[in-house]
Structure formats: C-alpha cells, structure tokens
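Peer 1: I have a structure here, written as structure tokens, and I will follow up with some questions on it.
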Amino acid sequence: MAILAPAPGRTPPSTAPAAPEEVVLGKAYDVALMKRLWPFIRPHWKLLLAWALFMPLTIAFELAQPALFRYALVEHMLGNNIGALPVDAAIYLSLVVAQGGTGFCETWFLQLAGQRTMHALRIAIFDHVLAQRAAFFDRIPVGRLMTRMTNDIESLNEMFAQGAITLIADFIKMLAIIVVMLIIDWQLALLTFATLPFLIVLVEYARRLMRASFRQIRVRLAAMNAFAQEHLTGIRVVQLLGRGPTATKEYDEINAGHRDAYLGQIKADASMYALVEAIGSVAIAVVIWYAAGHRTSSIAMIGIVVVFIDYINRFFIPVKDLSAKYAVMQGAMAASERIFQLLDTKEWDGGDVKATVAPAPDPTAPAIEMAGVHFSYGAEPVLRGVDVKVPRGATVAVVGATGSGKSTVIKLLTRLYEHQRGDVKLDGVDIRSLPLAELRERITVVSQDVILFAGSLRDNITLSRDYDEARIDDAVRRVGLDRALARRGDGLDATVAERGSNFSAGERQLAAFARALLRNPDVLVLDEATAHVDPEAEELIERGVAELMRDRTTLVIAHRLSTIRNADLIVVMDKGIVVEQGTHDELVAKGGFYAALERTFRRQDH
C-alpha cells in the first residue's frame, strides 16, 4: 500500500506519525553504499582506469626527487664534483615537470569520472522524485528534498576530488615512503616511525569527535533548508501577517545550532594539524639525534638525514589533511545513504500495469464510476463509501462544504493518492490497470491555482510537445487567450517569470484552458477553476470554460452558482459521503442539503 500522509492544509491526527527527522549517520566508509553507487560509476570505468595508471607514476616522480637530491648532495656537492650539478638540476626539473603532467592527468580523469557520475545520479533522483505520488510530498518537506538533490549530491561529488579515492593515493604514497626509508636505513626508519602509535591514537580521537559533530551538522542543515524553503514559499503570508521578526528569530536559532555543530569538527581539525605537526617535528628530531651518534660516516649520514627529513615532511602532509578528507568521506557516505533512501522510497502500491497494452474500454459503461470508495490521509476517514457515476459526455458538478471530500475525489481519480477500498473505473476499466501516463493523458485537471513555469508562454501551453502551429493557434483562439494577449501586446513567445508571476490570475487560467484543450482529454476536471478570477477577465474565463467543456465529459468542483446550475447532474457531498444527487431544479425543490448550499452560493455570486 502507498504510505499515507496528511493532505496539504490538513492537520494530521495526533495518532499519525510525524514526518521523520533527518537520519543521522556516522560511517566514513560503507562497502554496501559503494556497491549501490557503483552502477552510476561503472559506465566511466575507463576514466578510473586512466586515473589508476597515472596515480602511481605521479607518486614515483614525486618520491624520486628527494632521492635525486640526496645523490647530488653526497656524490657531487660534497664529493667535489660540481660540474655534474647542471645535469642533476635538469633531471630534477624533469621529475617536477613529469609529476605535474601526470598529476594533471590524474586529477582530470578522476574529476571527469566524478562529474559524469554525479550527472547520472542527479538525473536518476530528479526522475524518481517526479514519479512520486502526492503523499510523498506531504510526508517529506520540499526543503529536505532540495538538500538531497543539491547539497548531498555535492557532498558525494567532493569524494572524487578529495575524499576516498585520493585517500587511496595518499595511503599508497605513505607506504611507498616507508618502503624507501627502510631500504635507505632500516634502523633509522623503524626509530623514526616509533611515533606512529601516537599518530594512530590522535587520528582515532579526531575521527570520533568529527563523527559526532558531523551528525549534528547534517541534521541542522536539513532543518535550516526546510525552514527557509517553507517561509520563502509563503513569503506573502509572512509579510502580510507581520511574521518576519518571529521567523528571523526562529531562523537565527536554527542557524546558531548549525554553527555550533561545527565546533567539534573545528576542534578536531585544529588538534590534528597542531599535533601532527608536533609529531612530525619529533620524528625529525629523532633523525637528527640518530645522526649525531654516527659521526664516522658523516658525508653519507648527511645525505640520509636530508632525504629522511624530506620524506618525513612528505609523509605527514596527507596526515595533516586527514581530518578534512575524513569529513569529506563522512559527508559523502551520509549523503549517499540519504540519496539511496530517497531512491528506495516509492509512494505507490504496486498497482501499475506491467503490460504494454491497456484493457479495452467498455463503450456502454459510464465515463467515470466510483463505487464504495473509502480513503483517509491518516486515522480520520475522508471518504466513506462514495458512489458516483458520470455518464459519457455529461457535465457533473460535485459540491459540498469545505472538507467534505470533493478535492479528494479528484486526487483519487488521477491517482495522486490510491483509494483504499472500493472501485474507481474509467470507461469501465479499473484505473489501477491503466498505466499512469495513459490515465493522466485521458484525464486533464484544471485547478484554480495555475502554475506556469519560467520560460515562454508557448512552452507552457504545449508543455514542449510538438503540436501543429495551426492547432496551437486554434486552441488559443477558442479559449479567448488571444484576446487577453492582444491587450498585453504580447504573443505566445512572451517570457513567463517564475510561477507565472508576471501574468494575472485570469491570464494564467486562460493559458491552462488552452493547455487542456491541446491535450484533448476524454475527461476534463475543473477543480474550482473559476473560483478566483478578477471581474474584468470573468467574461473571457466563462467563454473559455464553455469552449473547453464542449462535447466532453466534465467533472466540476465549483463554488459559483452559474457553473453548477447548468450541470447535467449535481453530486452533493458532506463529511465524505454523497448525501444528494440530481439536477439543480430537483435538488432545490427537495429543500435539503443542496438547497442550503445554493443559498450560500447565491450570496457569494452577488
């Protein structure tokens, strides 16, 4: 079954589970997560192979430089063979250039693989989120989803730049340094690395501190994003009700918590840098102390001391960066787990058809039939055995007080939510046996809250589909949008701002009518589509509605008497059940529930 959640604007019952908190995670490396990530990485294995080939070359060129310097120092500078130094310098320069070249290639291939992997992952997440039902968005705040699709992807992307994969290169380089030092002087090498146990203890301490800190950072970041998104979406309400100071204070508290969550990571980072520097200095001091007791072979020992100090410095550089890289890995693993939790979330109940051919419609069946339909967003039932039949080609109005379940009927018909009991059929076919794409192609909903996307008006009407230009012009003309555009002095290529904010409510509504007419659906649903239009545009809106409804099965949820009066059938709902059905005159004459509503509608229209 689909996971149920309160509908927008509905207060969830006290027994309903609250939205889950941000998951806190602590592993800096997880084999299972890397396996989940591998299908996105696998297509770019050639880039990773190229990185793996250049990486040891970069390390070899880097570690050859101290060895060459030792050779030049002992054999040429201290051996009175100054004439060979230009050759040494040329070779040394060649090693530096070679290291730079292979390092560039190493970084290029790794970063390219990372960006292509993240591109595929972003597409997968976006497609997955778009495919979810309405209950999914009721349960998960949009701000949290944005965190998944932006911050978490970026955290995972950093892993390719300075996280797990570069830790592999660092580890190989550190092992290579140890091997080289053992070859040069194994006794001094063992004495030098006697400081490693202290280093291991320090790294473990910092790891635990950063782990606890990072958990809180991710929780506070998601909370901050969700809070900001919620208030920016409702900015008009915030401003009109004077909630700005309160919102700022609450945001400051969340932001302060996010700031303070970094203290542990900052402490660990500072400790790591200072103490690793100290341990490195101790190791260098051990080398100098050892050399002081070997005066008999002073020239050779000078070379050993110089090369050991150089290798020690190179050994401890990645250790100093370990805290930052650990934080990156911590973030990458936490982000990847949340990403895959999102990809594993499905807000449907398995009712989608597997076959490529949908069942044939029954020409004798009603266009829409709901029989014994039950549904609830939580513990409280919203629909309790709804029975409705919409004849083919008829206009049926569904009316009722706020909260009676009218809009829920539309949500179940279009499978934004899944009904829990009963049957919902389209042309005699259970809607669960129809592919979602086909169902929503055959049923088009026009609501009062019309959303236009940033771009051109033409793209908003066609939804980027390839319609014939004459068909587009005909739809625009039939709903009256051409007259509205003529008053604006714009055409279909007019620029649309975000959410269509540069168009009036009436103009947006006409655009939605043109869009619906182009789709030419079997069933048209008008969900209070004429409830909030300015009087100046009302005549155009009414004409557009009439043109849209012509020769089409129409289900109307309306608060306007003019829309309801002409319906072939009126279905009256109250508290989730159908209480009356009939024509306008029949229901008024009956003097029941509809008659009382009709008086309310009459007052609203006047």
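Peer 1: Starting from the amide H of Val579, placed 1.01 Å from N in the peptide plane, find each other amide H under 5 Å away whose residue is 5 or more places distant or on another chain.
Peer 2: Val572, Met573, Asp574
Peer 1: Moving on to the next point. Express in nm, to one decimal, how much length is gained between Val282 and Arg487 on full extension, taking 0.36 nm for each residue of separation and deducting their alpha carbon distance.
Peer 2: Full extension from Val282 to Arg487 adds 65.6 nm.
Peer 1: When only C-alpha pairs under 8 Å and at least 6 residues apart count, what is the relative contact order of the chain, in percent?
Peer 2: Reported as a whole number, the value is 16 percent.
Peer 1: Give me the one-decimal Kirkwood hydrodynamic radius in Å for the chain, with the sum taken over alpha-carbon pairs.
Peer 2: So the Kirkwood estimate lands at 30.1 Å.
Peer 1: Sticking to Cα atoms, compute the Rg of the stretch 32-344 to one decimal and its Dmax as the biggest Cα-Cα distance, whole number, in Å.
Peer 2: 25.6, 88
Peer 1: 5 Å is the cut-off here: which amide hydrogens, built 1.01 Å from N in the peptide plane, fall below it relative to Val429, excluding neighbours closer than 5 in sequence?
Peer 2: Those qualifying (amide H under 5 Å, at least 5 residues apart or on another chain) are Asp362.
Peer 1: Go ahead and estimate [θ] at 222 nm for the chain from helices alone: -39,500 (n - 2.57) per DSSP H run with n ≥ 4, summed, over the residue count, rounded to 500.
Peer 2: Calculated mean residue ellipticity at 222 nm is -20000 deg cm²/dmol.
Peer 1: What pairs from Lys346/Lys389; Lys35/Lys320; Lys389/Lys590; Lys35/Lys346 go past 25 Å between their alpha carbons?
Peer 2: Check vs 25 Å cut-off fails for Lys346/Lys389; Lys35/Lys320.
Peer 1: Whole-Hz Karplus ³J(HN,Hα) for the stretch 408-425, in order, using 6.51 cos²θ - 1.76 cosθ + 1.60 and θ = phi - 60°, x for Gly and Pro?
Peer 2: 5, 4, 5, 5, 6, 4, 9, 6, 5, 10, 9, 5, 9, 9, x, 10, 10, 10
Peer 1: Sort out for me the Cα centre separation of the stretch 429-443 from the stretch 254-305, rounded to whole Å.
Peer 2: Spelled out, the Cα-based centre of one part sits 67 Å from the other.
Peer 1: Report, in degrees rounded to the nearest 10, the 0 to 90 angle that the Cα long axis of helix 153-162 makes with the longest principal axis of the chain.
Peer 2: Compared with the principal axis, the helix lies near 10 degrees.
Peer 1: If the reach is capped at under 15 angstrom between alpha carbons, list the aspartates and glutamates near Lys575, excluding any in the same chain fewer than eight residues apart.
Peer 2: Result set, ordered by chain and number: Glu380, Asp387.
Peer 1: Please state the shape class of the stretch 104-254: rounded when a/c is under 1.5, otherwise prolate if a/b exceeds b/c and oblate if not, all from the C-alpha gyration tensor.
Peer 2: Prolate is the answer for the stretch 104-254, as a/c is 1.5 or above and a/b outweighs b/c.
Peer 1: Which listed residue (His76, Ile168, Leu191) has the Cα farthest towards the positive end of the charge dipole for the chain, taking +1 on Lys and Arg C-beta and -1 on Asp and Glu C-beta about the Cα centre?
Peer 2: Result: Leu191.
Peer 1: Let me ask you something else. Residue-wise, which Karplus ³J(HN,Hα) couplings in Hz belong to the stretch 216-225, taking 6.51 cos²θ - 1.76 cosθ + 1.60, θ = phi - 60°, and x for glycine or proline?
Peer 2: Computed from phi, the couplings for the stretch 216-225 are 5, 4, 5, 5, 5, 5, 5, 5, 5, 5 Hz.
Peer 1: Okay, next question. Roughly what would the spin-label model give for Thr600 and Leu112, points 7 Å off Cα along C-beta, in nm?
Peer 2: Calculated label separation equals 6.6 nm.
Peer 1: Would you mind pulling out the separation of the Cα centroids of the stretch 554-592 and the stretch 447-518, in Å?
Peer 2: The stretch 554-592 and the stretch 447-518 have Cα centres spaced 31 Å from each other.
All of the numbers you see were taken from the coordinates with simple rules; none came from a lab. This structure is a prediction, so every number in the text was calculated from the model and none was measured. Don't worry about glycine lacking a Cβ; one is built from the backbone with ideal geometry, like all the others, and counts go over all protein chains shown.
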